[in-house]
Amino acid sequence: MSVVRSVIRGTGSRLPERVMANADFAGMVETSDEWIVQRTGIKRRHIAAAEETTVSLAEGAAREALAAAGLEPGDIDLIVLATATPNNTFPASAVQVQRRLGIHHGFAFDVAAVCSGFVYALTTADLYLRGGMAKRALVIGAETFSRILDWQDRSTCVLFGDGAGAVVLEAVAGEGTPADRGVLVSRLRSDGAHEQKLYVDGGPSTTGTVGKLRMEGREVFKHAVGMITDVVEDSFAALGVAADDVDWFVPHQANRRIIDASARKLGIPPEKVVVTVDDHGNTSAASIPLALDRAVRDGRIRTGDLVLLEAMGGGFTWGAVLVRW
Ligand code: UT7
């Protein structure tokens, strides 16, 4: 049976030039390199300069993904951009990227699922491509979390960073088997009962301000591994594969301990796990496409590989995608 599959044609990324190491928090909050590395695995993160924005980072990542795919901006008829830190309340950052790329056809919109944003955006774009409403999509995760951090709160300000990653998806005919290239299965979940564990304390309809990120880290940690492994197991069952079939595990990069525990529980060995949290910190929706781009460019992820993506974050939202490269 012939089906439509969304194949990843290229990846790209953009990180701000400024790197902030753990030691750079000295004098700002009471913390230490030792605490941050032991509890999170984070060593450094990139922080946007004044003129850098979510949209400018997204544009950089998108242009790199287009070049990797050998395509022009005009070839794209859908942009789905995942962010919790848009340039403006509206228009959508995706539409601003569309303008910067000089695209005047098709459609573009943002997806708000915080750290799960890229998994949600990829799933959304895949459905539009499979439904025949678009042929080639840019899926972007872009964030400037430095702008919504409380830099006096040591329990959150050391954890996050800025950046953007992008992939180009193209609709192609597949056989309808797990051997096909492209997005093979997605599973998304949310449960608003956990809203108060990770949120921003402002917004246009409440305070009229942007607000700052607030998190009960321990509470989020407590739920993370179980939620992640549950939705991944669901994806395995839906596709009829097992952990052994996975070539690369590219998780959301929030905390090294969450990544390691999830991989262990799923039975995926450390050498198959792509880790960037040490260099990027938690870049929310950008973390998975940034990690993907690194593993593609350094030659780890190759055509035909089965790649497992998962994320969990504010809401709570969580989800997993299996894609054959
Ligand atoms: O991407 C979206 C999803 N988000 C996540 O996945 C984040 C999930 N949570 C985590 O990654 C971890 O819970 C944290 C890294 C946020 C915290 O690690 P933890 O092992 O859960 O530490 P904790 O919150 O239980 O805090 C332990 C201690 C506390 O001191 P007391 O109460 O034991 O005296 C904190 O006040 O560490 C203290 N602490 C710090 N100490 C030094 C908290 N932040 C810091 C800091 N430096 N930056």
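None of the figures in this text is laboratory data; all of them are computed from the coordinates on show. Keep in mind it's a predicted model, so treat the numbers as computed, not measured.
What are the ³J(HN,Hα) values, in whole Hz, obtained from phi via the Karplus relation 6.51 cos²θ - 1.76 cosθ + 1.60 with θ = phi - 60°, for each residue of the range 216-223 in sequence order, with x given for Gly and Pro?
With the stated coefficients, the range 216-223 comes to 8, x, 4, 5, 5, 4, 4, 8 Hz.
Defining a contact as two alpha carbons under 8 Å apart and six or more residues distant in sequence, what relative contact order in percent does the range 1-80 show?
Details: 74 pairs, mean separation 33.8, N = 80.
For the range 1-80, the relative contact order is 42 percent.
Percent relative contact order of the range 3-174, based on C-alpha pairs within less than 8 angstrom and at least six residues apart? Walk me through the numbers before you get to the answer.
On the way: 385 pairs, mean separation 61.8, N = 172.
Once divided by the residue count of the range 3-174, the mean separation gives 36 percent.
Assign one of three labels to the range 49-112, namely rounded, prolate or oblate, based on the Cα gyration tensor with a ≥ b ≥ c the square roots of its eigenvalues; rounded applies when a/c is under 1.5, prolate when it is not and a/b is larger than b/c, and oblate otherwise. Walk me through the intermediate numbers first.
Values: a/c = 1.96, a/b = 1.34, b/c = 1.47.
Judged from the Cα gyration tensor, the range 49-112 comes out oblate (a/c at least 1.5, b/c at or above a/b).
Residue by residue through the range 143-158, what is 3J(HN,Hα) from phi via Karplus (6.51 cos²θ - 1.76 cosθ + 1.60, θ = phi - 60°)? Round to whole Hz and write x for glycine and proline.
3J(HN,Hα) across the range 143-158, in whole Hz: 8, 10, 5, 4, 7, 10, 8, 8, 6, 9, 9, 5, 6, 10, 5, 7.
With the cut-off at 1.5 for a/c, could you classify the chain from its C-alpha gyration tensor as rounded, prolate or oblate?
Values: a/c = 1.62, a/b = 1.23, b/c = 1.32.
Since a/c reaches 1.5 but b/c is at least a/b, the shape of the chain is classed as oblate.
For the range 55-60, what does the Karplus curve 6.51 cos²θ - 1.76 cosθ + 1.60, with θ = phi - 60°, yield as ³J(HN,Hα) per residue in whole Hz, taken in order and with x for Gly and Pro?
5, 5, 5, 4, 4, x
Given H placed 1.01 Å from N in the peptide plane, which residues other than close sequence neighbours of ALA254 have an amide H under 5 Å from its amide H?
Residues meeting the criterion, in which the H sits 1.01 Å from N, do not exist here.
Take the cross-link list LYS43/LYS222; LYS43/LYS272; LYS222/LYS265; LYS212/LYS272 and give me the ones stretching past 25 Å between alpha-carbons. The partial results should precede the final answer.
Details: LYS43/LYS222 23 Å; LYS43/LYS272 21 Å; LYS222/LYS265 14 Å; LYS212/LYS272 35 Å.
Checking Cα-Cα distances, LYS212/LYS272 exceed 25 Å.
Can you tell me which aspartates and glutamates have their Cα less than 18 Å from the Cα of LYS197? Leave out same-chain residues fewer than eight positions away.
Candidates past the 8-residue exclusion: ASP150, ASP153, GLU216, GLU219.
Per the Debye formula with a single identical scatterer at each Cα and no solvent contribution, what log10 I(q)/I(0) holds for the range 182-324 at q = 0.22 Å⁻¹?
-1.43
Restricting the count to DSSP beta bridges whose residues both fall in the chain, what percent are antiparallel, rounded to a multiple of 5? Write out the running numbers ahead of the final one.
Working: 43 of 59 bridges.
Antiparallel bridges: around 75 percent, rounded to the nearest 5.
For the chain, what relative contact order do you get, as a whole percent, if you take Cα pairs closer than 8 Å and at least 6 residues apart? Don't skip to the end; give the middle numbers.
Numbers: 824 pairs, mean separation 83.5, N = 325.
Contact order relative to length: 26 percent.
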